[in-house]
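Engineer: So that we are looking at the same thing, I have put the structure below in structure tokens.
The values are calculated or read from the model by the stated rules, or taken from the named source; none is laboratory data. Only a predicted model underlies this, so the values are computations on that prediction, with no experimental measurement involved. Glycine also receives a Cβ, built like all others from the backbone with ideal geometry; neighbour counts cover every protein chain displayed.
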Amino acid sequence: MAEALLSVRDLVKHFPAAGDWFAQIFDRRVVRAVDGISFEIERGTTLGLVGESGSGKTTTGRIIVRLIEPTGGEVVFDGIDLLKLKGRALKAMRKRIQMIFQDPASSLNPRKTVGQIVAEPLRVHGMVRGRALEERLVHTLELAGLSARFLNRYPHELSGGQRQRVGIARALAVGPEFIVCDEPVTALDVSIQAQILNLLMDLQEELSLTYLFIAHDLSVVRHVSDRVAVMYLGKIVEIWDVDAIFSAPKHPYTRALLAAVPRPDPEAPPRKVLHGEIPSPIDPPPGCRFHPRCGRFLGEICREREPSLVTVDGGVRVACHLYRQGA
Amino acid sequence: MSPLLRVEGLVTRFYTDEGVVKAVDGSFFHLGADEALGVVGESGSGKTVTALSIMRLIENPGRIESGRILFNGEDLLRKSEREMRRIRGKEISMVFQDSLSSLNPTLTVGAQIARVLRYHTRLSRRARWRRAVELLAAVGIPEPAKRASHYPHQLSGGMRQRALIAMAISCDPKLLILDEPTTALDVTIEAQIFELIRDLKARLGMGVFLITHDLSVVASFCQRVIIMYAGKIVEEADIHELYVNPLHPYTRGLLRSIPPLEGEAERLESIPGEVPDLINLPPGCNFGPRCDLADERCREVEPELVEVSPGHRVACLKVGAPTMGGGNG
């Protein structure tokens, strides 16, 4: 296996279920948003992180960029323990790790021009000034497919696709190596989605970027990812190479998820419906968290023992009692 | 047999400070009593405004300028507001995308369904509540008696969407309009909701007008599709025909922009450019500036929707010569 740029080990994030500190005195329950996940991303590749609302995928992304502090675990980036960084060292690290957000309308300051928005990270990091700044801005916008004439525009004057390009330019401005893309095309129209996906893939090749690509749309994830991790209720249930996971999914949840996706083809077999809803992460089911909805329920063992991720044939890692290590 | 709904030459415009928005610009289509018709388009294509026009819910500064909306042969545009109130929720129901903002946060879901029943039926108070609970059960909400006394925020997104559907079908409508009913939901919940709607449609026998941006959802649910772009219908076809033989360059572009789930993952062919401003539409074909087939004539002549084979209509100068008897079928 090639060198891992990012490795996440036993990451845990529990949020208090109650709102403020006063309510927390009476309500000690916690939301187990991320509950012990581990994965690695090799340099220059994309890991797709998929799951439904409440699976913990966005929380995972936010911990990696240090927007929220985890309850436990380790995030190692290029040999450095990210979670231990403070002050100047953390600030320096922020140049190497950037994020692209889902909703470009709410993640851009409406009172600032495109030029000011993209210049902000450069200013914060004191990277370039004056004439060089201008050149850098134009270059960065061009990377994101926008011309210099956008510098003085405001976000509201732009279309959704153009706004997302500004969000991408802002992330690229400081020359990062790693970008967390959190549902970057979800808010966009279909014809614009394809433009942005192509752009992200071109940028990856050109700038040898590494991506954590968070999305709920499986066809988008398949398109951009090298490997895919599937999350359910704060746990990774399966992680594998993209082609393998889409052609031969192992975990019953991955299978159900894939079978539920509609195909743009009226002759396709009817969608299979997974019944029930994702349970509350405050009080997740004991044993395997998927067991109440699972079509391959084995009985007692699924209800009582939590399956751990084991490596089975071909290198797929899956957390399910149907599979045994090395089998 | 005449169709349940026939829309003829519908023009709906919004008179804003910036100019006149041509939201729907001369639509002709029909929907059978038992049919599921999909309307696909991106933001600003006019699909939601078409639905709101059918419901006569266009508000200032918007105006329905011309056309006819024949529902069971009667023109809805000639009805008084009072008559429309009897039709909305009873004959024609609509389910909106955002279930949280379409439900009243201060009323329990049972009370909201009971309210619709009070308006449209003569049921007693107790009978209305009983019926509300039955409806919640019919849309697959577990423990319906308990859920009926819950407020919208106490339900999950999927459950709220089910409650909205329960409300929409409470008076056995002939036509159910669904505006992106699952866009905010996860894919497994989306599959559940469509299973439910398909089942209700078969049981109650109603026409369904499904608005979506998702060509995959349409493929698995509808019999016929209309593709809209910048206020105009650009293509209409039977569902099988559309996916095998898409003719309009925009439809083709849309189909090619969907990353496939099977087969080789190739570079996506995206449609260049952006959806035009509905206030300053380009001359000629609205899609012209983004179309790789467009030539001089496309920039001058506005293409008409013509029938190229039975039931397959397309508005493009570059596609098939108009056959005889074409037009507004």
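Engineer: Quick one: which of A:Ser159, A:Ser191 is within 28 Å of B:Leu255 (Cα to Cα) and without any contact (Cβ under 8 Å) to a residue 24 or more places away in the chain?
Structural biologist: Checking each option against the conditions leaves just A:Ser191.
Engineer: Inspect segment B:43-53 for any residue being among the basic types (Lys, Arg), crowded, with 23+ Cβ neighbours inside 10 Å and in the same structural domain as B:Leu215 (by TED's automatic domain parsing) and give the result as yes or no.
Structural biologist: yes
Engineer: Another question, then. Report yes if some residue within segment A:297-312 is acidic (Asp, Glu) and touching a strand residue (DSSP E or B) at 6+ places or on another chain (Cβ under 9 Å); otherwise report no.
Structural biologist: yes
Engineer: In segment A:44-57, is there at least one residue being of a type outside the set (Phe, Trp, Tyr), more than 25 Å from A:Leu274 (Cα to Cα), in contact (Cβ under 8 Å) with a residue 12 or more places away in the chain and within 14 Å of another protein chain (Cβ to nearest Cβ)?
Structural biologist: Yes, some residue in segment A:44-57 is of a type outside the set (Phe, Trp, Tyr), more than 25 Å from A:Leu274 (Cα to Cα), in contact (Cβ under 8 Å) with a residue 12 or more places away in the chain and within 14 Å of another protein chain (Cβ to nearest Cβ).
Engineer: Of the residues B:Glu91, B:Glu143, B:Glu134, B:Glu81, which single one is surrounded by fewer than 13 Cβ atoms within 10 Å (Cβ to Cβ) and modelled with pLDDT of 95 or more?
Structural biologist: Exactly one residue qualifies, and that residue is B:Glu81.
Engineer: So how many residues does segment A:47-80 have that are under 10 Å from the mean Cα position of the chain (by Cα) and more than 26 Å from A:Ser280 (Cβ to Cβ)?
Structural biologist: The qualifying residues number 1.
Engineer: So, restricting to strands (runs of 3 or more DSSP E) that lie completely within segment B:1-101, which ones have at least 1 residues that are without any contact (Cβ under 8 Å) to a residue 40 or more places away in the chain and closer than 28 Å to B:Glu302 by Cα?
Structural biologist: The qualifying strands (runs of 3 or more DSSP E) are B:19-31.
Engineer: Another question, then. Scan segment A:243-273 residue by residue and report those that are touching a Lys or Arg at 6+ places or on another chain (Cβ under 6 Å) and farther than 18 Å from B:Ile258 by Cα.
Structural biologist: A:Pro249, A:Pro252
Engineer: Checking the condition in contact with a helix residue (DSSP H, G or I) (Cβ under 9 Å, 6 or more places away or on another chain), surrounded by 13 or more Cβ atoms within 10 Å (Cβ to Cβ) and closer than 30 Å to A:Ala33 by Cβ, which residue from A:Val76, A:Val114, A:Val138 passes?
Structural biologist: A:Val76
Engineer: Turning to a different aspect of this structure: Could you check A:Asp243 against (1) among the acidic types (Asp, Glu); (2) part of a helix (DSSP H, G or I); (3) more than 13 Å from chain B (Cβ to nearest Cβ) and say which number it fails?
Structural biologist: Against the list (1) among the acidic types (Asp, Glu); (2) part of a helix (DSSP H, G or I); (3) more than 13 Å from chain B (Cβ to nearest Cβ), A:Asp243 comes up short only on (3).
Engineer: Residues to consider are A:Val228, A:Val224, A:Val220; find the one that is out of contact with any His (no Cβ under 8 Å at 6 or more places or on another chain) and more than 27 Å from A:Gly73 (Cβ to Cβ).
Structural biologist: Criteria check complete, one pass: A:Val220.
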